[in-house]
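The structure under discussion appears below in the form of structure tokens.
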Amino acid sequence: MTIQTAAANADYGTAASGSSFYAAMRILPRSQREAMFQIYSFCRQVDDIADSDGPRPERLAALQQWRDDIDALYRGNPPPRLRDYAASVKTFGLKREDFLAIVDGMEMDVPQDIRAPDLATLDLYCDRVASAVGRLSVRVFGMPEDDGILLAHHLGRALQLTNILRDIDEDAGLGRLYLPRESLLLAGITSDNPQKVIAERALPKVCLPLAERAKKHFEKADEIMKRNSRRLVRAPRIMSKYYRAILDLLLARGFASPREPVRVHKWAKIAILLRYAII
């Protein structure tokens, strides 16, 4: 099977339109909005490679091609699918190492499916697939360097841990288990078989500490955003409030089986957008 990616000249806004972050991106000025759509498109394409059912060697080769293309972009000779990125890289000072970190993070699922990583590996994964995206984003938002990097650290981890807690059953269906090994063992769960773990009665003992970790990251992110211009943090604040709402729904539902999917209702999303984008 050949790995297929999006067309080089994709409509970045259309690609992002179904995402959780679309509304947050739409409120930005045009140049920032286009840069964010490009970052989203890049993430979507490399994530699609990692999540595809293609042979692992082909997926590894496709991700390596993205690394080569990023290197070409920063040498001033971008391939067609990254040609539009050159202006954003120059305008916002986007860092090559952050794009590469995202590829490295997606690749962590490819040689073999992640199953019960230790806490250090889980944190590295969160840094690569989420906080690296944040580091690119805060440069687009125009945040001060130190607070921007700190916000990317905390908000990226908060969002990714929330994703992990929300998608436990879906990930298990793909043969993946992102819950940390230390927490599983502390709860008396010795298996790393995703289907067995999600059926364990002790699973809430694993999930609740991870939810608390996510809450602390949300709180740290809020502290950083409060001390910065509201104009600069409108988009990350919308992302934060939306995902914090998901986490609250997960906690209200609990993690015992059976677990019904949680969704933030349309009117709740509109309320978040009105409060933090307009009012």
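The values are calculated or read from the model by the stated rules, or taken from the named source; none is laboratory data. Only a predicted model underlies this, so the values are computations on that prediction, with no experimental measurement involved. Here Cβ is always computed from backbone atoms with ideal geometry, including for glycine, and neighbour counts include all displayed protein chains. These accessible areas exclude ligands, DNA and RNA; they are computed on the full protein's heavy atoms, side chains included. Shrake-Rupley method; radii C 1.70, N 1.55, O 1.52, S 1.80 Å.
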| said: Below 19 Å, Cα to Cα, which lysines can Lys220 reach? Residues fewer than 8 away in the same chain don't count. | reply: Lys241
| field | Per-bin percent of Cα-Cα distances, the chain [5 Å] | value | 1, 6, 12, 16, 18, 17, 14, 10, 5, 2, 0
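Where only protein heavy atoms count, and the probe is 1.4 Å, what is the accessible area per residue for the chain in Å²? If you can, show how the numbers build up before the last one.
Details: 13740 Å² over 279 residues.
That works out to 49 Å² for each residue.
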| From phi via Karplus (6.51, -1.76, 1.60), per-residue ³J(HN,Hα) for the stretch 251-266 in Hz, x at Gly/Pro | 5, 5, 6, x, 10, 6, 7, x, 10, 6, x, 10, 9, 7, 5, 3
| remark: Counting only protein heavy atoms and leaving out ligands, DNA and RNA, the solvent-accessible surface of Asp248 at a 1.4 Å probe, in Å² to the nearest 10, equals 70 Å²
| note | Magnitude of the Cβ-charge dipole (Lys and Arg +1, Asp and Glu -1) of the stretch 66-117 about the Cα centre, nearest 20 debye, reported as 280 debye
| In straight Cα distance, which lysines are under 16 Å from Lys196, not counting same-chain residues fewer than 8 positions off? | Lys205
| query | For the chain, what is the mean residue ellipticity at 222 nm derived from helices alone (per DSSP H run of n ≥ 4: -39500 (n - 2.57); sum divided by total residues; nearest 500 deg cm²/dmol)? | reply | -20500 deg cm²/dmol
| field | Extension reserve of the Lys226-Lys205 stretch, reckoned as 0.36 nm per residue once the Cα distance is removed | value | 4.3 nm
| note | The distance between the Cα centres of the stretch 183-246 and the stretch 159-179, in whole Å, is 12 Å
| task | Over the chain, with every protein chain in place, what whole percent of the accessible area is carbon and sulfur at 1.4 Å, could you tell me? | result | 51 percent
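Could you calculate the FRET efficiency of Lys90 with Asp118 from 1/(1 + (r/R0)^6), where r is the beta carbon distance between them and R0 is 30 Å, rounded to 0.05? Mind showing how you got there, number by number?
Numbers: r = 39 Å, r/R0 = 1.31.
The value I calculate is 0.15.
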| field | Rounded to whole Hz, the Karplus (6.51, -1.76, 1.60) HN-Hα couplings of the stretch 194-199, x for glycine and proline | value | x, 5, 6, 5, 5, 8
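Between Glu170 and Trp267, take the C-beta separation as r, use R0 = 30 Å, and let me know the FRET efficiency to the nearest 0.05.
Details: r = 25 Å, r/R0 = 0.84.
For R0 = 30 Å, the calculated efficiency reads 0.75.
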| log10 I(q)/I(0), Debye, Cα-only the stretch 77-166, no solvent, q = 0.11, 0.14, 0.20, 0.22 Å⁻¹? | -0.35, -0.56, -0.97, -1.09
| Farthest toward positive dipole pole in the chain [+1 Lys/Arg, -1 Asp/Glu at C-beta], among Leu124, Leu208, His265 | His265
| query | So for the pair Ser52, Glu260, with labels modelled 7 Å out along Cα→Cβ, what separation do we get in nm? | reply | 3.7 nm
